[in-house]
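Q: Next up is a structure, given as structure tokens.
Just so it is clear, none of the values below were taken in a lab; they were calculated from the coordinates. Because the structure is predicted, anything quoted here is derived from the model rather than measured. Backbone-built Cβ (ideal geometry, glycine too); neighbour counts: all protein chains shown.
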Amino acid sequence: MLFPINETRLADNSVDPTVVPLVRALISIGFGTLYSCGGHTEKLGEAKPVFPYVVFRAPAAKVETLRGVVQRVAGRVLEIRPENGSAWRLCAIPEMERKMTVRDIQALFDKLAAGLNPAVEAAQRKAAG
């Protein structure tokens, strides 16, 4: 069973610190984040790194809007692709994983979180009434 990411899980360090800003931004603008990974340079028994990703649920129309922001901020380095039914995965495209480091992708996640700030601020104003 999946337990969606929320402020409680962010506060108790259940989410890798390197993806917290992006996860928090996605939650703030109404994306139901499910799980994520901040990336690792090594994985048990594997020599290749695990790159950062965030998996979330959202209607396709909302995903298209986010996809536009992703392309504007990160170019063609990051993508949003379907993941298990109604979920979506925000991650580096496979070709970029061969050309970039885990830290490069983490930096793009930070840049994307900053790029989402106007939408986050608008959502906060709307919630405040």
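Q: Please give the number of the condition PRO94 fails out of (1) in contact (Cβ under 8 Å) with a residue 12 or more places away in the chain; (2) out of contact with any helix residue (DSSP H, G or I) (no Cβ under 9 Å at 6 or more places or on another chain).
A: In the conditions (1) in contact (Cβ under 8 Å) with a residue 12 or more places away in the chain; (2) out of contact with any helix residue (DSSP H, G or I) (no Cβ under 9 Å at 6 or more places or on another chain), PRO94 misses (1) alone.
Q: For the stretch 37-53, check the following and say yes or no: at least one residue is in contact with a helix residue (DSSP H, G or I) (Cβ under 8 Å, 6 or more places away or on another chain), surrounded by fewer than 16 Cβ atoms within 10 Å (Cβ to Cβ) and closer than 20 Å to SER14 by Cβ.
A: Checked the stretch 37-53: at least one residue is in contact with a helix residue (DSSP H, G or I) (Cβ under 8 Å, 6 or more places away or on another chain), surrounded by fewer than 16 Cβ atoms within 10 Å (Cβ to Cβ) and closer than 20 Å to SER14 by Cβ.
Q: Do we find that PHE56 is under 13 Å from the mean Cα position of the chain (by Cα), under 21 Å from VAL15 (Cβ atoms) and assigned to a helix (DSSP H, G or I) in this structure?
A: No; evaluated as a whole, the condition is false for this residue.
Q: What are the residues in the stretch 73-92 that are within 21 Å of ALA114 (Cβ to Cβ), under 14 Å from the mean Cα position of the chain (by Cα) and either of a type in the set (A, V, I, L, M) or surrounded by fewer than 15 Cβ atoms within 10 Å (Cβ to Cβ) (or both), if any?
A: VAL73, ALA74, VAL77, LEU78, ILE80, LEU90, ALA92
Q: Restricting the search to the stretch 93-121, which residues are within 15 Å of the chain's Cα centre (by Cα) and outside any helix (DSSP H, G or I)?
A: Selection gives ILE93, LEU116.
Q: Would you confirm whether or not the stretch 26-36 contains a residue that is assigned to a helix (DSSP H, G or I), under 30 Å from ARG125 (Cα atoms) and either among the acidic types (Asp, Glu) or within 12 Å of the chain's Cα centre (by Cα) (or both)?
A: Within the stretch 26-36, one or more residues are assigned to a helix (DSSP H, G or I), under 30 Å from ARG125 (Cα atoms) and either among the acidic types (Asp, Glu) or within 12 Å of the chain's Cα centre (by Cα) (or both).
Q: Which pairs have Cβ atoms under 8 Å, sit 6 or more apart or on different chains, and link a residue in the stretch 18-35 that is closer than 14 Å to THR65 by Cα to one that is of a type in the set (Ser, Thr, Tyr)?
A: LEU26/THR33
Q: Mind telling me which of the residues VAL70, VAL102 ends up being closer than 13 Å to LEU22 by Cα and buried (at least 19 other Cβ atoms within 10 Å of the Cβ)?
A: VAL70
Q: Does THR65 qualify as being in a helix (DSSP H, G or I) and more than 20 Å from ALA119 (Cα to Cα)?
A: No; evaluated as a whole, the condition is false for this residue.
Q: Can you tell which of ALA114, ALA87 is under 24 Å from PRO17 (Cα atoms) and touching a Phe, Trp or Tyr at 6+ places or on another chain (Cβ under 9 Å)?
A: Going through ALA114, ALA87 in turn, the sole match is ALA87.
Q: Something else: Which residues, taken from the stretch 68-92, are of a type in the set (Val, Ile, Thr), in a strand (DSSP E or B) and over 17 Å from THR33 (Cβ atoms)?
A: Of everything in the stretch 68-92, nothing turns out to be of a type in the set (Val, Ile, Thr), in a strand (DSSP E or B) and over 17 Å from THR33 (Cβ atoms).
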